[in-house]
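The values are calculated or read from the model by the stated rules, or taken from the named source; none is laboratory data. Bear in mind that the values here come from a model prediction, so they are computed numbers and not experimental data. Every residue, glycine among them, receives a Cβ derived from its backbone with ideal geometry; neighbour counts consider all protein chains shown. Quick note on the areas: whole protein, heavy atoms, side chains included, nothing else; ligands and nucleic acids left out. Shrake-Rupley method; radii C 1.70, N 1.55, O 1.52, S 1.80 Å.
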Amino acid sequence: MKKTLFFSAAFAMLIFAGCKHASYNGEAACTDSTAVETSDAMNNEMANANPENTETYAEFIENPFESPKTAPLSTFSIDVDNASYTNIRRFINNGQAVPKDAVRIEEMLNFFKYKYPQPQDSHPFSINTEYSESPWNPKHKLLKIGLQGKDIAMDNLPASNLVFLVDVSGSMSDANKLPLLKESMKVLVKELRAKDKVSIVVYAGAAGVVLEPTSGDDKEKSWTLLTI
């Protein structure tokens, strides 16, 4: 089994001017998992039970264009978030309008898996780019940068000590909140090794340690707690 140390990332950046086309390695393939499928099912139940959307999102301010003459350097983060894709799909499946501030383009790109080549030699990641015309403005160009980290065999990874702090207040009882979290943690428990440890601390509706540090091979103990 393999686990990605430096996760794949895809970033979209709008730039001006004419450069040469760069090569693109790999094709996109949608990711899916038991947790994602469970999320869709639970969210459909939520739509029937409570169609009103009371969620709020921090205002998203779009980055302005920068001239390379005055700002020749640009940076971006290599951490990977992909929740926006599933969140938007949830709104659409529930027949709800998608809040504009819930849309994160980089997270939608990161939801997909790309067949990027593994890094070579001592390089920690490979860099893959795709350069094309902008479909909405012929004066603009689009550059996508994809990073692929090394796949490290699970057996070679150091032991993990996972501690989860979980809100168990009444507001978390909706099907797409605490119940969904439990289903996701069941998927995680299956992947734990004997040298890994997991513990759970709760707050709000209750407070304290509900699962002392437990070895990854004691799956029955963790599983019993998650089915309550």
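Evaluate the Kirkwood expression for the hydrodynamic radius of the range 121-228, namely the inverse of the mean inverse distance over all pairs of different C-alpha atoms, and round to one decimal in Å. Could you put the intermediate results ahead of the total?
Working: mean 1/r = 0.0571 Å⁻¹.
About 17.5 Å for the range 121-228.
Enumerate the whole-percent occupancy of each 10 Å bin, from 0 to the last occupied one, for all C-alpha pair distances of the range 81-180.
Reading upward from the zero bin: 11, 23, 33, 22, 11, 0.
Within the range 111-211, which chymotrypsin sites (Phe, Trp or Tyr not before Pro) sit in a loop by DSSP and count at most 15 neighbouring Cβ atoms inside 10 Å?
Answer by residue number: W136.
So how much slack lies between N137 and K195, counting 0.36 nm per residue of separation and subtracting their Cα-Cα distance, in nm?
My answer for the length gained is 15.5 nm.
Between Q120 and F76, what is the FRET efficiency for a Förster distance of 22 Å, r being their Cβ-Cβ separation, to the nearest 0.05?
Efficiency for this residue pair is about 0.45.
For the range 163-180, just list the computed ³J(HN,Hα) in residue order, Karplus coefficients 6.51, -1.76 and 1.60, θ = phi - 60°, integers in Hz, with x standing in for Gly and Pro.
So the J values, rounded to whole Hz, are 10, 10, 9, 10, 7, 10, 5, x, 5, 8, 7, 4, 4, 9, 10, 4, x, 5.
How long are the semi-axes of the equivalent ellipsoid of the range 53-126, taking √(5λ) for every eigenvalue λ of the Cα gyration tensor, in whole Å from largest down?
Its equivalent ellipsoid spans semi-axes of 30, 21, 9 Å.
Which whole-number percent is the relative contact order of the range 66-124 (Cα, under 8 Å, 6+ apart)? Don't jump to the answer; show the numbers that get you there.
On the way: 32 pairs, mean separation 21.4, N = 59.
It comes to 36 percent, rounded to a whole number.
Between F112 and Q96, what is the label-point separation in nm under the 7 Å Cα-to-beta-carbon projection?
Inter-label distance under the simple model: 2.6 nm.
So between M154 and D167, what do we pick up on full extension, going 0.36 nm a residue minus the alpha carbon distance? Mind dumping the intermediate values first?
Details: separation 13, 0.36 × 13 = 4.68 nm, distance 3.00 nm.
Stretched fully, the M154-D167 segment lengthens by 1.7 nm.
Just the number please: accessible area per residue for the range 165-228, 1.4 Å probe, all protein chains included, in Å².
That works out to 55 Å² per residue.
Say the cut-off is 31 Å between C-alpha atoms; which of K69/K144; K141/K177; K115/K141 go over it? Mind dumping the intermediate values first?
Details: K69/K144 21 Å; K141/K177 40 Å; K115/K141 23 Å.
Violating the 31 Å Cα-Cα cut-off are K141/K177.
Give, in nm to one decimal, the length gained when the segment between K219 and F65 is fully stretched (0.36 nm per residue of separation minus the Cα-Cα distance).
Gain on stretching K219 to F65: 50.3 nm.
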